[in-house]
Amino acid sequence: MKAKSVQQILAPPPAHMVGNGFRVHNFFPNGYDMKPDRMSPFFLLDYNAKMDFSPREIPRGVGVHPHRGFETVTIAYHGAIAHADSRGNQGVIEAGDVQWMTAASGVLHKEYHESSYSRQGGAFQMVQLWINLPAKDKMGFPKYQAIRNTDIPKYELPDNKGDIEIIAGSYRGMKGAADTFTPIELYNIRMKPETKVSLELPAHYNTGILVVEGESFVQEKERAVTDHFVLFRNDGIRIDLETRETSCMLLLMSGEPIPEPIVSYGPFLMNTKEEIIKAIRDVHDGKFGYLED
Ligand code: MN
């Protein structure tokens with residue numbers, strides 16, 4: 001079985017603030033000179049590397065804004081995020097949890113540090129992925145999957161060497177927690193020192209690994225360290241991961257590309273420019289509902 005070769009190991013690009021609550025490194029589509037469909041169906045990866053926020057009475061975050069045409073997937077590693085949307089959904093994403101929001105035809109939402117975390121301050125680390133939807137599902141009804149860490153199936157590695165949390169897709173017959181519109185594999189891979197893991201993924205799936213913590217050797221010789229992103233070529237099916245002296249936590253994302261045109265503008269991800277113009281008009285016309293800031 002041929003291995004997927006490593007195209008590049010990307011250092012985190014300079015960070016920018018999203019609102020005042022998220023200090024993110026954008027690996028794609030803007031951080032590097034990648035085609036907008038290079039990681040399709042994943043359109044955007046914003047990574048808030050681990051950092052400390054000072055205690056604050058009024059939670060930091062990002063106020064009411066729309067989304068249409070895709071899904072936002074928020075994975076919390078440290079800290080906690082409170083969200084609310086114009087369809088009446090609200091909740092808290094605690095460390096270890098995943099929120100899979102299907103914006104589809106449109107929601108307004110807001111994303112803030114959860115109030116008790118905000119008052120206390122401390123470590124904060126999270127990922128937000130934007131996952132494209134096929135044209136036929138872009139105008140479907142919005143939905144949420146609030147996935148608690150305890151609801152995520154965990155494949156235990158032999159000899160107590162770590163585990164694989166299957167957020168979406170499947171690993172060794174174990175099915176992931178999230179429902180997806182197109183084939184997607186999304187795993188948190190936790191490995192203790194001196195551990196090996198092998199994965200098989202279809203050759204045509206776009207695939208990358210974010211090193212959330214520690215370091216890992218990929219395809220034997222490529223060393224990937226904390227906050228770096230490993231981009232694979234679509235030339236094989238096997239990925240071999242290995243830790244040596246240091247443990248690691250990796251976020252693996254792999255998915256079948258959506259072979260459709262992409263037109264993106266701010267918080268909208270559609271197929272044509274006309275659909276973008278309509279999205280902007282629909283927000284103004286109140287078709288995304290109402291949400292108080
Ligand atoms: Mn948002």
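Selection of the stretch 72-96 for residues being touching a residue at least 12 places away in the same chain (Cβ under 8 Å), more than 12 Å from Gln125 (Cα to Cα) and not in a strand (DSSP E or B) yields Ser86, Arg87, Asn89.
Tell me the residue from Ile147, Ile152, Ile166, Ile131 that is open to solvent by less than 20 Å² (accessible area, probe 1.4 Å) and without any contact (Cβ under 8 Å) to a residue 24 or more places away in the chain, please.
Being open to solvent by less than 20 Å² (accessible area, probe 1.4 Å) and without any contact (Cβ under 8 Å) to a residue 24 or more places away in the chain holds for just one of Ile147, Ile152, Ile166, Ile131, which is Ile166.
Evaluated against (1) of a type in the set (Phe, Trp, Tyr); (2) open to solvent by 20 Å² or more (accessible area, probe 1.4 Å); (3) within 14 Å of the ligand (Cβ to nearest atom); (4) under 27 Å from Asn271 (Cα atoms), Phe141 falls short on exactly one condition, (3).
Please verify whether the stretch 211-226 includes one or more residues that are open to solvent by 40 Å² or more (accessible area, probe 1.4 Å) and among the hydrophobic types (A, V, I, L, M, F, W, C).
Yes, the stretch 211-226 has at least one match.
Checked against (1) in contact with a Leu (Cβ under 8 Å, 6 or more places away or on another chain); (2) away from the ligand (no atom under 16 Å from the Cβ); (3) open to solvent by 10 Å² or more (accessible area, probe 1.4 Å); (4) in a strand (DSSP E or B), Lys110 meets all criteria but (2).
For the stretch 48-68, the set of residues classified as within 15 Å of the ligand (Cβ to nearest atom) and not basic (Lys, Arg) consists of Asn48, Gly61, Val62, Gly63, Val64, His65, Pro66, His67, listed by residue number. Of all residues in the stretch 6-50, those satisfying the criterion of being surrounded by 16 or more Cβ atoms within 10 Å (Cβ to Cβ) and among the acidic types (Asp, Glu) are Asp37, Asp46. From the list Ser254, Ser198, the one residue that fits, being assigned to a strand (DSSP E or B), under 20 Å from the mean Cα position of the chain (by Cα), of a type in the set (S, T, N, Q) and modelled with pLDDT of 95 or more, is Ser254. The single condition among (1) more than 16 Å from the ligand (Cβ to nearest atom); (2) part of a strand (DSSP E or B); (3) open to solvent by less than 20 Å² (accessible area, probe 1.4 Å); (4) under 18 Å from Arg60 (Cβ atoms) that Ala123 does not meet is (3).
Restricting attention to the stretch 227-272, the residues that are buried (at least 19 other Cβ atoms within 10 Å of the Cβ) and among the small types (Gly, Ala, Ser) total 2. Please work out which residue is modelled with the lowest pLDDT, limiting yourself to the stretch 273-293 and to residues that are of a type in the set (Gly, Ala, Ser) and open to solvent by 20 Å² or more (accessible area, probe 1.4 Å). Going through the qualifying residues, I end up with Gly289.
The values are calculated or read from the model by the stated rules, or taken from the named source; none is laboratory data. What you see is a predicted model, and the numbers here were worked out from it, not measured in a lab. Positions of Cβ are generated from backbone atoms using ideal geometry, with glycine treated the same way; all protein chains shown enter the neighbour counts. For accessibility, only protein heavy atoms count, side chains too; no ligands or nucleic acids. Shrake-Rupley method; radii C 1.70, N 1.55, O 1.52, S 1.80 Å.
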